[in-house]
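See structure below.
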Amino acid sequence: MRLESAAFAAQQLIPPIYTCDGADHSPPLSWQGVPPETVSLALICDDPNAPGKTWVHWVIYNLPPELGQLSAAIPPQAELVNGGVQGKNDSGRLGYGGPCPPSGVHGYVFIVGASLPR
C-alpha cells in the first residue's frame, strides 16, 4: 500500500499546523493499493527517534477498507463517523498528538496496515 499526505512530502518537514508548535491538527492522509480481501485498516504514527522508546503519536483502527483517505483535523474522539476507532497516544490523549520533539529534528513514520480474513 502507498500512504501519502497532501500537506507534506516524504522526508520533508511536517508543517507547524500539524505539530505542537501550531494547531496540532492531524494531517490529511490518503492511501491506495489496499488488498481486495481487506476487512479493515489501521493507521499508526510514531517517532522512532524519541528518547527512551518509540513514541506513538496516533492510532486508529477499524477503518473501512474502501475509505482511501482521512481529512485533516480529525477530532479527538474514540469513535469516528467513518467507523474508525482512535486509541490513546503515548501522551495519554485520545487521537492525534502531533510532533513535539524535546530537541532537534525527529523522523515521524506514518503506517497504514490491512487486516485480512483468517
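Could you check how many residues of region 88-118 are open to solvent by less than 50 Å² (accessible area, probe 1.4 Å) and within 18 Å of residue 39 (Cβ to Cβ)?
Residues in region 88-118 being open to solvent by less than 50 Å² (accessible area, probe 1.4 Å) and within 18 Å of residue 39 (Cβ to Cβ): 3 in total.
On the given criteria, is residue 37 open to solvent by 40 Å² or more (accessible area, probe 1.4 Å) and over 29 Å from residue 102 (Cα atoms)? Step through it out loud before you land on a result.
Working: open to solvent by 40 Å² or more (accessible area, probe 1.4 Å): yes; over 29 Å from residue 102 (Cα atoms): yes.
Considered against the rule, which asks whether it is open to solvent by 40 Å² or more (accessible area, probe 1.4 Å) and over 29 Å from residue 102 (Cα atoms), residue 37 comes out as yes.
Would you check if there is a residue in region 109-118 being basic (Lys, Arg) and under 24 Å from residue 14 (Cα atoms)? Quick ask: steps written out before the conclusion?
Here is the first cut: in region 109-118, the ones basic (Lys, Arg) are 118.
Keeping just the survivors that are under 24 Å from residue 14 (Cα atoms) gives none.
The answer is no, given that none of the residues of region 109-118 is basic (Lys, Arg) and under 24 Å from residue 14 (Cα atoms).
Determine which single condition residue 6 fails, assuming it passes every other condition in (1) within 14 Å of residue 66 (Cα to Cα); (2) in a loop (DSSP other than H, G, I, E, B); (3) of a type in the set (Gly, Ala, Ser).
Tallying (1) within 14 Å of residue 66 (Cα to Cα); (2) in a loop (DSSP other than H, G, I, E, B); (3) of a type in the set (Gly, Ala, Ser), residue 6 fails exactly one: (1).
The values are calculated or read from the model by the stated rules, or taken from the named source; none is laboratory data. Model, not experiment: these values are computed from the prediction. As a convention, Cβ positions derive from the backbone with ideal geometry for all residues, glycine included, and neighbour counts pool all protein chains shown. We work out accessible area using only protein heavy atoms, side chains counted, and drop any ligands, DNA or RNA first. Shrake-Rupley method; radii C 1.70, N 1.55, O 1.52, S 1.80 Å.
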